[in-house]
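What follows draws every value from the coordinates through simple rules; no lab data is involved. Since we're looking at a predicted model, the values are computed, not measured. Cβ sites come from the backbone with ideal geometry, for glycine too, and all protein chains shown count toward neighbours.
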Amino acid sequence: MICNLCPRKCNALRTAHTGQGFCQMGTLPVVARVAPHFGEEPCISGTRGSGTVFFSGCTMRCMFCQNYEISAQQKGETLTPAELAECYRMLEKSGVHNINLVTADHFAEAVAESLRIYRPNIPVVYNCSGYLSPKILTLLDGLVDIWLPDFKYSDDRLAMKLSLTPDYVNTALAAIKEMLFQVGKPQFDKDGIMQKGVIVRHLILPAHTRKSIDALGLLKRTFGDEILVSLMCQYVPWGKAKNDPKLGRVITRREYDKVKDVLFALELDGFTQDLSAATADYIPDWDD
Ligand code: SF4
């Protein structure tokens, strides 16, 4: 097939196992890890964990990617939609609170098919970069209960510089708008576990607090109280960022407090992390 699935619209050839587009992936999902995960927001991880399925490859190319080994090196096992559906069944049986699909955009067609083969009886979480096309959102309409997009940048030039991604800001805002339209305001069960809604994540980068403050302002002005915002401080220099003069360190307490103060001043509802989260402990071991 010729692929124009994600906002990159590569118009490139993809077969089941090979891809000539930006993501370099074939159309069959490549899965790096299937396991309960306890490092998500409390309403997602709960006490029994979130049933994560980590997909290999990515439609962005962040120089600081914490999942570099799978996003750029394409580690993992190729699965059919039916095999993927079996993974959901297995995770659900283990008692997790939800099925959490991590970075699946470039496999959206196969993922939609897998969810039509088996729709879990627990919420389906779609954990993504925010850089989604209307086509991907349409494919997944009615199959996702909780959208968990990033809003990485408030500035297209920075998105291009750090993630080789054009037109990020408007693409992500339009995508979040559609997510909200599909699932509505946050809903929780009696134990506080999320059942439906949108949580937007923003990761603070060292020496970029002004950009983070702009991102929070943009989210507030665009979505008001309809979304939850998860402010993340867990950045650790990874991949090419290790040697970057600005990105080669964790964020300081002063930087974190500065952005957090704005989150509270804007009365954005959601989550913050403890600064101790800025360690490599949050990065899964892909060889597990
Ligand atoms: S999914 Fe991959 S090949 Fe298709 S448009 Fe996006 S980056 Fe290009």
Lone cysteines, the chain (no partner Cβ under 4.7 Å): C3, C6, C10, C23, C43, C58, C87, C128, C233
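Subtracting the Cα-Cα distance from 0.36 nm times the residue separation, let me have the gained length for A207 to E226 in nm, one decimal.
Numbers: separation 19, 0.36 × 19 = 6.84 nm, distance 2.93 nm.
This chain segment gains 3.9 nm when fully extended.
Under the Kirkwood approximation for Rh and a Cα-based Rg, what ratio Rg/Rh is obtained for the range 35-167? Show your work: numbers first, answer last.
Numbers: Rg = 14.8 Å, Rh = 15.4 Å.
With Rh from the inverse mean 1/r over Cα pairs, Rg/Rh is 0.96.
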Surrounding net charge for A16, when Lys and Arg each add one and Asp and Glu each subtract one, Cβ distance under 15 Å: -3
Loop trypsin sites (Lys or Arg not before Pro), the range 215-259, which have at most 12 other Cβ atoms in a 10 Å radius of their Cβ (DSSP): K246
Rough spin-label spacing in nm, given labels placed 7 Å along Cα→Cβ, for L164 and T138: 2.8
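How big is the C-alpha Rg of the range 1-86 next to the rule-of-thumb value 2.2 N^0.38 Å, as a ratio?
1.22
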Vicinal HN-Hα couplings computed from phi for the range 214-227 (Karplus, 6.51 cos²θ - 1.76 cosθ + 1.60; Hz; Gly/Pro x): 4, 4, 5, x, 5, 5, 5, 5, 7, 10, x, 9, 6, 10
Average Cα contact separation per residue, the range 24-107, under 8 Å, 6 or more apart, as relative contact order %: 41
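Between beta-carbons, use under 12 Å as the cut-off and find the net charge around L266, counting Lys and Arg +1, Asp and Glu -1. Please list the in-between numbers first.
Numbers: positive: K220, R221, K260; negative: D214, D225, D261, E267, D269.
Summing Lys/Arg as +1 and Asp/Glu as -1 gives -2.
Note down the net charge around G239, summing +1 for each Lys or Arg and -1 for each Asp or Glu among other residues with Cβ under 11 Å from its Cβ. Working shown, then result.
Details: positive: R61, K240, K242; negative: E69, D244.
So the surrounding residues net to +1.
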Charge dipole (the range 59-184, unit charges on Cβ, about Cα centre) - positive-most of L143, T165, V102: T165
Enclosed volume per residue, in Å³, of the convex hull spanned by Cα atoms of the range 43-121: 102
Separation in nanometres of the label points that stand 7 Å from Cα toward Cβ, at D257 and T15: 5.9
Estimated vicinal HN-Hα couplings, Hz - the range 137-149 in sequence order (Karplus 6.51, -1.76, 1.60; Gly, Pro = x): 5, 5, 4, 9, 4, x, 10, 10, 9, 10, 8, 10, x
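Given DSSP loops and a limit of at most 16 other Cβ atoms within 10 Å, what is the longest stretch of the chain that contains no such chymotrypsin sites (Phe, Trp or Tyr not before Pro)?
39-285
So for the range 175-288, what percent of the C-alpha to C-alpha distances run longer than 24 Å? Working shown, then result.
Working: 2270 of 6441 pairs.
Everything past 24 Å amounts to 35 percent.
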Fraction of alpha-carbon pairs over 30 Å apart in the chain - percent: 25
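Figure the gain on full extension for A82 and R249 (residue separation times 0.36 nm, minus the Cα-Cα span) and round it to one decimal in nm.
Details: separation 167, 0.36 × 167 = 60.12 nm, distance 4.24 nm.
Result for the pair: 55.9 nm of gain on full extension.
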3J(HN,Hα) from dihedral phi, the range 185-197, Karplus parametrisation 6.51/-1.76/1.60, rounded to Hz, x for glycine, proline: 5, x, 10, 10, 8, 5, 8, x, 8, 5, 10, 8, x
Diffusion coefficient, µm² s⁻¹, Stokes-Einstein with Kirkwood Rh over alpha-carbon pairs of the range 141-193 at 37 °C and 0.692 mPa s: 257
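Exactly which trypsin sites (Lys or Arg not before Pro) in the range 1-85 are in a DSSP loop and have at most 13 other Cβ atoms within 10 Å?
Working: sites: R8, K9, R14, R33, R48, R61, K75; in loops: R8, K9, R48, R61, K75.
Of the trypsin sites (Lys or Arg not before Pro), the ones in loops of the range 1-85 whose Cβ has at most 13 other Cβ atoms within 10 Å are K9.
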